[in-house]
C-alpha cells in the first residue's frame, strides 16, 4: 500500500519554530518570558500539538527551557551560563574549524564568503534576525564540512541560545566587528592548514567576546 505524506503539514512545526526563533532574536519574546501554548498556537494559527513539536525543536537548540509542572520559557542566561557555554565552545569549535580546513575546497569556501557578505549587509541594515540566521548558517556550514556529527550535535545544542541572548541589545559596531571576526575565521579555513584555522578561530573569537561581553573561557581566566 502506498504511503501518502502530507508534506505541508509535516513542515508546520518547523515553520512555527522559525517564527518563534525570529520573535526571540528580535526581542519580541523576552528572556524568561513564559510561552503560553494556547495563546501562541492561536497567534500562529496552528494546533497545540504542532506548537509542542516546534517547542521541542527550540528546546533542543537552547532557545527555550521547559520546567516540569510549570511550562516552557524563553531561555534566560546568567553570567555563569555564558561562561560555561563559552568554555564548551572554545574546547570544541576549534577542532571543527581545523577539520573543516583540511577538507576545504573552492565551492564551500565561496559559500562561506557569500554568507559573510550576507552578514555584512544585515549588519549595515541593523537586521538582527537576518544577521542571526546568517551567523548560524556560517557555523553550521563549517560543522558540516568538518564531518564530525558529534561535535556538530554538541555545538548545536549549546551555542545558538547564547547568540540569541545577546542579539536584541547588540549595537551596530558589534555586528560589524563580528563580520570581521568571521572574515578572519574564513581566512584561516581557506588556508587549508588545520592548525592555522584553529588558531584564527580562537584568536578572533576570544577577542570579540572579551571586548564586547567581557567573556573569557576557563582556560583563559574567568570574568
**Item:** Failed item, numbered, when residue 54 is tested on (1) under 30 Å from residue 186 (Cα atoms); (2) under 17 Å from the mean Cα position of the chain (by Cα); (3) buried (at least 17 other Cβ atoms within 10 Å of the Cβ)
**Value:** (1)
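Yes or no, residue by residue, for (1) modelled with pLDDT of 95 or more; (2) crowded, with 16+ Cβ neighbours inside 10 Å; (3) under 23 Å from residue 84 (Cβ atoms):
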{"position": "139", "(1), (2), (3)": "yes, yes, yes"}
{"position": "147", "(1), (2), (3)": "yes, no, no"}
{"position": "151", "(1), (2), (3)": "yes, yes, yes"}
{"position": "161", "(1), (2), (3)": "no, yes, yes"}
{"position": "167", "(1), (2), (3)": "no, yes, yes"}
{"position": "179", "(1), (2), (3)": "yes, yes, no"}
{"position": "182", "(1), (2), (3)": "yes, yes, no"}
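The values are calculated or read from the model by the stated rules, or taken from the named source; none is laboratory data. Predicted model, so just to flag it, every value in this text is computed and none were measured. As a convention, Cβ positions derive from the backbone with ideal geometry for all residues, glycine included, and neighbour counts pool all protein chains shown.
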